[in-house]
1. Within region 37-51, is there a residue that is modelled with pLDDT of 95 or more, out of contact with any Pro (no Cβ under 8 Å at 6 or more places or on another chain), part of a loop (DSSP other than H, G, I, E, B) and more than 27 Å from G438 (Cα to Cα)?
2. Within region 658-688, track down each residue that is part of a loop (DSSP other than H, G, I, E, B) and more than 23 Å from F222 (Cβ to Cβ).
3. Quick one: in region 54-71, of everything that is within 21 Å of D747 (Cα to Cα) and among the charged types (D, E, K, R), which residue is surrounded by the fewest Cβ atoms within 10 Å (Cβ to Cβ)?
4. Is there any pair with a first residue in region 22-46 that is in the same structural domain as P288 (by TED's automatic domain parsing) and a second that is loosely packed, with under 12 Cβ neighbours inside 10 Å and part of a loop (DSSP other than H, G, I, E, B) whose Cβ atoms are under 7 Å apart and which are 6 or more apart or on different chains, and what are they?
5. Any residue at all in region 164-177 that's hydrophobic (A, V, I, L, M, F, W, C) and either touching a Pro at 6+ places or on another chain (Cβ under 8 Å) or assigned to a loop (DSSP other than H, G, I, E, B) (or both)?
6. Identify all residues within region 452-487 that are of a type in the set (D, E, K, R), modelled with pLDDT of 90 or more and within 19 Å of the chain's Cα centre (by Cα); write none if there are none.
7. Residue pairs, Cβ under 9 Å, 6 or more apart or interchain, first in region 508-533 and assigned to a helix (DSSP H, G or I), second of a type in the set (S, T, N, Q). List them.
8. Report yes if some residue within region 352-363 is crowded, with 21+ Cβ neighbours inside 10 Å, assigned by TED's automatic domain parsing to the domain that holds N496 and either out of contact with any helix residue (DSSP H, G or I) (no Cβ under 6 Å at 6 or more places or on another chain) or not hydroxyl-bearing (S, T, Y) (or both); otherwise report no.
Amino acid sequence: MVKLYDSGAYLVNGNKLIADGADAAKEAAAAAGVSTVDKETAKEGTIAYGILKNHNTSGNMDKLKVKFDMLTSHDITFVGIIQTARASGLEKFPIPYVLTNCHNSLCAVGGTINEDDHMFGLSCAKKYGGVYVPPHQAVIHQFAREMLAGGGRMILGSDSHTRYGALGTMAMGEGGPELVKQLLNKTYDINRPDVVCIYLKGEVVPGVGPQDVALAIIGEVFDKGYVNNKVMEFVGPGVSSLSADFRIGVDVMTTETTCLSSIWRTDDKIKEFYEIHGRSGDYKELNPASVAYYDGVVEIDLSAIRPMIAMPFHPSNTYTIEEVNKNLKDVIHDCEERAKISLDGQVEYSLQDKIKDGKFRVEQGIIAGCAGGGFENICAAADILDGASIGCDEFTLSVYPASMPVYMELVKNGAAAKLMATGAVMKTAFCGPCFGAGDTPANNAFSIRHSTRNFPNREGSKLQSGQIASVALMDARSIAATAANGGVLTPATEVNAKFEAPKYFFDKTIYEKRVFDSKGVADPSVEIKFGPNIKDWPAMPALTDNMILKVVSEIHDPVTTTDELIPSGETSSYRSNPLGLAEFTLSRKDPEYVGKAKEVRAAEVAREEGKDPKSALAEIEGIWNKIVSEFDGVNTENTGIGSTIFAVKPGDGSAREQAASCQKVLGGWANIANEYATKRYRSNLINWGMLPLLIERGDLPFKKEDYIFIPDVRKAIENKQTDIKAYVVTDKDVREIGLKMGDLTDDERTIILKGCLINYYRG
C-alpha cells in the first residue's frame, strides 16, 4: 500500500524510479537517453526547486530568502499579526493579504469579542489595502483555492493547513511573525529543504476517498519523521487518475506529516479546475525535469488503499476500518493504553461501551472544513445516504460545505436536500469542528470526522472539568456509510452506492456581493476599529548578558502539540488579548504552570525596576547568592530571570504563534527540548525572543523546580556558538550541563538579542 525508500532516487520521464546506488546515475542516464546524469543537477529538476528558485532573493539556493506572492490569515490570527506589524512600522500591505473569518465566526463566546475582531479586520483591510471575507462565506483554505492559488505561486498563511500544492501552488503555514516579516517587505529565511517524491500509481477503488489516501501516508511517515520539514512532491501516473478535488483533499492533510510544504504535478484536470473558477490564466503546467533526483521516496499503490481511520488521539494512529472491526478488542486496548500517555491519567478513559453486539458504535459524524467540506466529498456522502435515515437516537451528522459557492451548488444539484432528508444538518462554512468550537460531543462520546486533527480535547472537552471525548478521522464516504448503518463503524467499500459524480459549477457572485476587496489600494484615512478585548503586546526586554531560568514545567510525552501548549476552542476568543490568553497556557497539560511562571516573572519585573528580585521571589535568594559566589561579574543589571519548560518534542500541530508568545508574556525565555516537532514552532519561539535550546536524549540532568544558570548567554548568541554552557544551581552546589543551539540565521540571532521581532523592527 505505502512503501518508503531507504535512499533517495532518480525519477526519469516522470514515471520510472531508480533507487540511489552505485550505478543509479548511469541507469538514469540510459533511461533518459542522455550521456551522463549529475545528482546535484538532477536535484534542480524537481518542481519544488524551480518554484523556490523563482521566489528566492538571496542568490544562493542553499540559503533561501523567500518572498511570497500572497498572504492569508483567519480571525484568530490576523489581529495579533496586524498588531505586531503596526507596532513595527506597517503602513500598507505590500502584497495581497486576505483576512478570512472562519474560526471565531459563530460570535457565540465572549460577548462581542469575536465580532469586534471581525470589525478590526475589515477596517484594517480598508486602511492597509487588503481583502476581507466575512463570516460563513468560506473557510480560509477553500477561498484560497477558489480565488488565490495559481501555478508556480507561493502563498504564506498563518494556519498550519495552508496547502495548495494540488493546484500547483507551493504554500506554507507559519506562525504570525513570519507573515509580519512579509508585511514589512522582509523575507522568509530557510535552508533549502529536501524534496521527497510521493509517487502515486494505480487507481482508487469505489468508496475510497482522499482522507483514506492521506491517512495511509501519515500513518507510515509521521513516527519515522520521513518528511519532517521537507517538501512533498506528488508525481507518478496515479496522479492523473485523481480529480482535482480528490488531490486537494489529500494535499491539505500533508500538514499532519510535519512536512514543510507540498507540490503536485499539474495536468488537464487542474487546468479544468481553473477554467471552472474563471481563472484559466492562473493555470500552469508543472512537471519534474526528464531526470529529477529526490531525497526520499514514498511509493503508493492507490489500488491497495482501503477505507482508513485514525483512532484517538493523533492522525498517525491509523488502521484500516476493516482491521479495526476484525480486531476490535485489540485496537481498543491499544487506544486506551495510548490515552494513558496522552491524558496523563487525569480522567478515566475507556472505549469499552462503544462495543455493542460485537460492533463498534459511534455517537457523532462530522464532515467539515478545508479537508472534508469539498464538493465531491459531500456529493459522495449524499449518494451513499440517499434514501437512508441517520436515526432518532444518539447519532448525529453535521455537514459543513467549505464555502458558500460550494453550498449553493449542493443546493442546486440536490445533494443538500438528499442529506437533509436523512436527518443530517447542513451548516455554513466554519472551521470550529476542527478545533473545538462547534459540535462538541458529549462526555465519553466518540465522533468520526472528516477534518484535519484529532488531538486530545481538541473537540472541545475539558480535562480540568473531568471531561473527555474521542475523535477519529475518517473519509466523508465512510462517515456516510456509518451514518446509514445507524452509527455502526462501516467502510464505504461495503455499501452499494451509485456515485453520480455531478459536475461542479462555480458561481462567485456571492463573493462579489459580500467580500470586501480593496484591489490593493490603501486608505490611510480609515480609523481602525478596536474592541475592548484587543490589546497591544506588552513590552519585552532585550536578552541580558546572563540568564537564570527556572524549570516550571516538565513534559515527557513523545510529542507535545500546540493544543497542549495553548488550548484551542473557547480560548480562541482571547487570541487578540495577549495577557488574557496567557492565562490558559498549558492549562490542560500542567495547570500549575501559569502560577509558577508568574512567580518567576514577578522576580524579573522587580529586577527590571531596579529592585531586589528576592523581594518578589524569596526562594531565589539562595540560588542568587550561589551564582554570585561562583561566577564573576554577575549582578542584577546584567542577569535576567525567566522561566523555561522542558518537552521531549514540542510543537506538533497548529501554526499558532500563541503557543510561544503566551510563554513569553508570562516571562518565558527559553524552551529546552530533545527536538522540535516542526520548523514553524521553533520559528515562533525565535520570533518571540525565546531560546530554542536542545539537550541530548537520555536522563535529564535537571527536573521541574530546578534553576539553570546560563552565563554569557548573550555573547554565545552573538558569537554563533552551538554549544551553550549551562549549570544547574542549588543553594548548595553548581553542576555543569550541556545545552545546544541549532542553526540560526543572522536575523534570528538579532531577534533573540533584541528580545522579540517587534523590538527588532523598532530598532
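1. Within region 37-51 (the criterion being modelled with pLDDT of 95 or more, out of contact with any Pro (no Cβ under 8 Å at 6 or more places or on another chain), part of a loop (DSSP other than H, G, I, E, B) and more than 27 Å from G438 (Cα to Cα)), the answer is yes, since at least one residue qualifies.
2. L666, G667, W688
3. My answer is D62.
4. A29/S35; A29/T36
5. no
6. Within region 452-487, the first condition is being of a type in the set (D, E, K, R), and the residues that meet it are 453, 458-459, 462, 475, 477.
Retained after the next criterion (residues that are modelled with pLDDT of 90 or more): 453, 475, 477.
Scanning region 452-487 gives a single hit, R453.
7. Cβ pairs passing all conditions: I510/Q137; I510/S403; Y511/Q137; Y511/S403; R514/Q137.
8. Looking through region 352-363, at least one residue is crowded, with 21+ Cβ neighbours inside 10 Å, assigned by TED's automatic domain parsing to the domain that holds N496 and either out of contact with any helix residue (DSSP H, G or I) (no Cβ under 6 Å at 6 or more places or on another chain) or not hydroxyl-bearing (S, T, Y) (or both).
The values are calculated or read from the model by the stated rules, or taken from the named source; none is laboratory data. If you're wondering where the values come from, they're calculated on a predicted model, not measured in any experiment. With ideal geometry, Cβ positions are generated from the backbone for all residues, glycine too; neighbour counts draw on all protein chains shown.
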